[in-house]
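Nothing in this text is a laboratory measurement; each read-out follows from the coordinates by a stated rule. Everything numeric here is computed off the predicted structure, so don't read it as measured data. Neighbour counts are summed over all protein chains in view; Cβ atoms, including those assigned to glycine, are modelled from backbone coordinates with ideal geometry.
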Amino acid sequence: MSRSHSVARAVTVAASAAAAVALGATTALAHVEVASDDARALATNVTVTFTGEAESGTAGFAKVQVVLPEGITPGDVALADAPAGWSFTAAADGYTVGGPALAVGQDVVHRITIRQLPNTGEVVFKTLETYGDGHVDRWIELPQNGVEPEHPAPVLKLAPASPGATALPTGSTAEGTAAPSVTPASAGEDGGSSPALPVAVGVVVVLAAAAGGWWWRRGRGRGSAG
């Protein structure tokens, strides 16, 4: 093999390697980004933005499912912004936003407002992205032994809590529970009056009628005797 041939082959190999690295970098960048306007532990009324990069060349995004981390419940979350026509649905462990499929190649961006971030150094939002053709990208993996996974879950790093910040009271269903309603078993059939009252009234009426009859008969007897 001539020297020129060797140089050409080396250049080709180097170019292929560079292309592979570039492709790998592009693939790694095509994931879900998460950011916040106040990424601090115990911060309240925080807006969190999710950006999913489009990867399909044939279909657009139609749905995004997010699993909430420990310390944030679906009741702590409200939708702040989403693509036109998309709606928000709470689930047992997170929420879903979805609607008409976006244009092919269009990134999907939605924002939520969180009542309070937990007192921790980071929060993980495992995310599933569904395209209009049914394909699902699962961004749910966590680093293992310092190695970045192929499909990393979005992670929001949190700064330490501000001095004096405290956790808000956990919402309790007991606080909003109405007093038990009165049932017919514990009250009159009208739901409020005592059943003893109509009975007493009836007794009085009967006694009054009986007394009236007695006085009428007595008066009649006296008239006959005269």
- So for H110, H151, fewest C-beta neighbours within 10 Å to most, what's the order? H151, H110
- In whole Å and largest first, what semi-axes does the C-alpha gyration tensor of the range 30-157 yield when each eigenvalue is scaled by 5 and square-rooted? 23, 18, 12
- Query: With a sphere of radius 14 Å drawn around the Cβ of T73, what net charge do the other residues whose Cβ falls strictly inside it have (Lys, Arg +1; Asp, Glu -1)?
  - Reply: -2
- V104-L168 FRET efficiency (beta carbon distance; Förster radius 41 Å; 0.05 resolution): 0.45
- Task: For L79 and I140, calculate 0.36 nm times their separation in residues minus their Cα-Cα distance, and state this gained length in nm to one decimal.
- Result: 19.8 nm
- Using distinct alpha-carbon pairs, which all enter the 1/r mean, Kirkwood radius of the range 102-176 in Å: 16.0 Å
- Task: State whether the range 78-124 is rounded, prolate or oblate according to the following rule on the C-alpha gyration tensor (a ≥ b ≥ c being the square roots of its eigenvalues): a/c under 1.5 gives rounded; otherwise a/b larger than b/c gives prolate, and the remaining case gives oblate.
- Result: prolate
- So for the pair A159, T120, with labels modelled 7 Å out along Cα→Cβ, what separation do we get in nm? 2.1 nm
- Task: Can you pull the one-decimal nm distance between simple spin-label points at E148 and T44, each 7 Å off the Cα toward Cβ?
- Result: 3.7 nm
